[in-house]
Amino acid sequence: MYRLLCDETLLAVWDSLPDEASAQLTMALSDVCHEPFIETEPYGIDDGTHRILVRPLVIAVLAVNEDKQTVRIYDIQPRH
């Protein structure tokens, strides 16, 4: 299982999401921590590291580090 990393600023963004979007993100990131390459798509060039998680109400940009078994959140955006 991968460890999720998120800075304080992005935690505040996550907390400010509407309840349904926040729930979608929480459930999706739980899945990502188990299998990051099935639950996400390449972001930009498929370098195996930068990934995007797309759900109906929210998008998150992630970086997956297989060596350290971590997933770092770099951006969270609500979808309209």
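Beyond 22 Å, what percent of the Cα pairs of the chain remain? Could the numbers behind the result be given before it?
Working: 487 of 3160 pairs.
Pairs farther apart than 22 Å: 15 percent.
Grab the Cα-Cα distance for Q69 and C33, subtract it from 0.36 nm times how many residues apart they are, and report the gain in nm with one decimal.
Here the answer is 12.1 nm.
Once the principal axes of the Cα atoms of segment 1-44 are found, what is the range along each, listed largest first in whole angstroms?
Its Cα atoms span 27, 25, 21 Å along the three principal axes.
Kindly list the residues of segment 46-73 that lie in the label zone of R3, defined by a backbone N under 19 Å from the point 7 Å along the Cα-to-C-beta vector.
Answer for segment 46-73: 62-73.
For D75, D7, give the ranking by accessible area with the largest first, probe 1.4 Å. Intermediate values should be presented prior to the final figure.
Details: D75 55, D7 75 Å².
The ordering from most to least exposed comes out as D7, D75.
The values are calculated or read from the model by the stated rules, or taken from the named source; none is laboratory data. Not measured: the values here are computed from a predicted model. Every residue, glycine among them, receives a Cβ derived from its backbone with ideal geometry; neighbour counts consider all protein chains shown. Just the protein is used for accessible areas: all its heavy atoms, side chains included, with ligands, DNA and RNA removed. Shrake-Rupley method; radii C 1.70, N 1.55, O 1.52, S 1.80 Å.
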